Structure formats: C-alpha cells, structure tokens
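Everything below concerns the one structure shown next.
The values are calculated or read from the model by the stated rules, or taken from the named source; none is laboratory data. The model shown is predicted, which means the values in this text are computed figures rather than measured ones. As a convention, Cβ positions derive from the backbone with ideal geometry for all residues, glycine included, and neighbour counts pool all protein chains shown. To get the accessible areas, we keep the full protein, side chains included, count just its heavy atoms, and leave off ligands, DNA and RNA. Shrake-Rupley method; radii C 1.70, N 1.55, O 1.52, S 1.80 Å.
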Amino acid sequence: MLEASIDSRPLVAMSREGDHVLVTEGGALRWLGGEELAPSCTAIAAAVVDGEAWVVSDRDGVHVLQRFDVRGARREPVELGALGRDVQIAATRIGTRSALVEGERGVFVNEDGGALGVERLGDRGIGRRVLLGGRGVAHQAGGFFVHRRGRIALPADLASGLMVGGGLVLDGGAALVEVERGSRRTALMLDLQRNELRTRLRLDEARILAIAERKGLMVLGRGAHVALCDLRAGRCVSERILPAPAVACATNADGTRTLVLDASGRLHEIGRALTDLRATTAPEDIAEEEDHDRLADPVVADPVPDVVAPIEVAPPEPPVEVTFSTAPLLALGTEPVASLAAEPLEGYLADVRGWVVALCRKAIDGEAAEVDHARLAQWADQGAPHAVIARELGLSPLATSVLMVTAAPQIWG
C-alpha cells in the first residue's frame, strides 16, 4: 500500500501546451479542477507527460511510478526501486516520453512501444543528473558536465560546486544547468553541439523554479519574489511579488502560462509579464494581492572576473554567442536604481569621456600618462548608468560585448 512520506511536498506540474495541470489542492494531488488522483501525503514528485500524470509515490520503502490519464483512470504502476530521500522527477514534454527520477539513487524511465522500461543509474554522484530528452541523462564528473556526445568544462570557480538541477532549453539546442556553490547559485547555458559554455547567469540566492524549454525562459524565485528571465536576452524581464513565499511552480513550454503555489496554499496563474490571468483567491483578497504586483527594470549585477557587461536590449535572432559571459539578473526584492537627472548625467558623461581619453593617451604614451580612475569611481554609488553607454552610442550587441569585456574591469575597479 502507498504510505505517507516525509518527502511529500506541495506540487505543481504542467503539460507542454499548458492545457493539463497537476496541483496539490485540498489535501490531494489532482488535475486542476478535477478529481483526486492521490493523497498529497503520498505524492512525492509529479510530472505531466503528453497528457498523462506521472506521479512518484512510496510503497513500503519502494518508490513506484503511477500513471493517470486526463479522466483520472489509473494505468498499471511501475516499480522504480528504493531511491532514498529527496526524490525529484524531470520529464520530457517534447519528443520522447521519458523521465529521470532521482533521490539518493536514480532511474531513467523510457517508453518504448507503449511499455515503460526502467534503467537503473545507481547512486547519485557529485550533483544531480540532468535529463536531456533523446540524448539521455547527463551527470557531473571532475568539474565537467558529461553527456553522451562529449563533456563541457564548468567555469573554474564553479568546478567544486554542485549541479542541483537543469534541463533542455532553446528547443533542445542547449542545456540549462543550475550550479550551487556555498549558498549561491549560478545558471549555465551549455551548447550541446559545440560542447562549450554559452552563457553564465548569476542567480545568487534565487533558484530556478521552472523552465520553458521552447523559448529559453526560466522562472526564478527567492522567497515571495518570482521573476521571469529570458536566457537569450540575458536578463530578467519582469517580476512578481506574491503574498507568501513560492513553494512550487510550473510553466508551459512557451512560458506563456505559469502557475505558482505559495506557502499559504494559494495558486497564482500568471502570464509572461507575470500579471494575473486567473484569480484563485476570494474577491476581497484580490485587491490586496494586486498591491504586491510590480514590474521592475533589470539592474546590473556586481561583476565577476569573467564579466561581459549587460546588454539591456535583446539581441536579434540568432542570439550572439559570447563564451563565459555574465548576464545581469534582476535584484529580487531590491528597488531598481533611478536614472540620473539631466545635469548629473551630463557631468557623468563628461567624466567618462575624460577617462576614455586618458586611457587612450596611456595606451600611446605608456606609463608616462596617468589615468584618474577616481574621477569615474565617484559615480559608483550614485546610480551611474555604466551599462547604458553602449545603448546611447547605438552599438551592436557584439560591439557592446567587445567594448565591455575591455572596459568593465577598469570601470568597476
């Protein structure tokens, strides 16, 4: 029989088109607005695979995969074995029907001819494995992301970190990997064809809640703050502040529909701009909830040694590929820096011009020329818009990247 599990948690899962949703509601896991599929205390993890609910439960210490169709009819359960604590499921929503189910041990579940096969992957290694759809499962080994067609070196400062999650993005053209080092997290977008790092996004204390694999979007969360990040633009494009911390989240493959379950049990359905699509609270609560909603402009993250300074507008398709780039992320919970007024902005631009001229003279005359870095540094705490210089000059995304790779270490010291 199925048992209540200490690993049970609030769950939300969604199909690729967003038309089928699983949610923990009223003490049970159910299709949204439908009948109970399983008691919430027995459901450990769940995914929606091509219109079916795949639910992982505990049966006398052995984990079992239960499957339900959209009418709630149960299919024959599949035994997965004893997977240990902290079991999670990642499933493909496009292409091959498969799933990675992993706790302290992992299994790869793949449908072949209507029957499910279970491949035992053994004990979890340094970090969590990552499901790559038809490419199988990737894992972390010796500072590398290892998959069937090669391996990709992680940045040196993250080689000792732990992969805690990830999945395919850009319609399978790249992998998104979340790496934790200390108490901070970083998202890496990896090119699976060229086996190289494509983009690096510092999340700090935020974490990835959901991935929209077709469009290269991810939903980030920290406490009650939820933000939508566009991987190709390299920035967070909108933010929502919930009445209570987010505990579960799911989005469709295009990122046009997102469901967030908060700690109070309220379900928020939001669109790409993270504004309400459907209210799931009583009418008297809606006005209060709307007071928490706001859109925030991106602010520049503190640079790290391998910085490519932010491009505040999305590059044209295809995206410019800049290796070891660090894109800006929304400072969740922090008000964006206000723009400088006209007079201070004129002074700032004059100081920037003087600093650039001094650098040019130094490059020509050598050590004989002096560069007054303090002249520019005085603006560091005044909301100086270093990142918008390239935009004001009308530079292309590639020219911006080249400029800021050279200038950012000097600007920031």
Charge dipole (the stretch 79-185, unit charges on Cβ, about Cα centre) - positive-most of 175, 106, 122:
175
Mind listing the phi-derived Karplus ³J(HN,Hα) values for the stretch 153-158, rounded to whole Hz, using 6.51, -1.76 and 1.60 with θ = phi - 60°, and x for any glycine or proline?
5, 6, x, 4, 6, 10
Residue 230 - accessible surface, heavy atoms, 1.4 Å probe, Å² rounded to 10
40 Å²
Only loop residues by DSSP count here, and only those with at most 15 other Cβ atoms within 10 Å; note down the trypsin sites (Lys or Arg not before Pro) in the stretch 103-208 that meet that.
148, 149, 194
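At a Förster radius of 41 Å, what calculated FRET efficiency corresponds to the Cβ-Cβ distance of residue 149 and residue 104, to the nearest 0.05?
0.90
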Cβ-derived FRET efficiency at R0 25 Å, residue 269 paired with residue 119, nearest 0.05
0.10
Explain nothing, just the number: dipole magnitude of the stretch 70-140 about its Cα centre with +1 on each Lys and Arg Cβ and -1 on each Asp and Glu Cβ, in debye rounded to the nearest 20.
240 debye
Using modelled amide H (1.01 Å from N, peptide plane; none on Pro or chain starts), what sits under 5 Å from the amide H of residue 195, excluding residues fewer than 5 places away?
none
All other residues with a Cβ under 14 Å from the Cβ of residue 35 taken together, and with Lys, Arg as +1 and Asp, Glu as -1, what is their net charge?
0
For residue 86 the rounded accessible area (nearest 10 Å², probe 1.4 Å, non-protein molecules ignored) is 60 Å²
All other residues with a Cβ under 9 Å from the Cβ of residue 123 taken together, and with Lys, Arg as +1 and Asp, Glu as -1, what is their net charge?
+1
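For 160, 57, what's the largest-to-smallest order of accessible area, 1.4 Å probe?
Sorted descending by solvent-accessible area, the residues read 160, 57.
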With every protein chain in place, the stretch 114-184: carbon and sulfur % of accessible area (1.4 Å)
47 percent
When the chain is fully extended, how far beyond the present Cα-Cα distance does residue 254 get from residue 184, taking 0.36 nm per residue of separation?
22.5 nm
For the stretch 67-158, the fraction of alpha-carbon pairs in successive 5 Å shells from zero, as %:
3, 12, 20, 22, 19, 12, 5, 3, 2, 1
Work out the P(r) tail for the stretch 1-118: percent of alpha carbon pairs separated by more than 16 Å, whole number.
55 percent
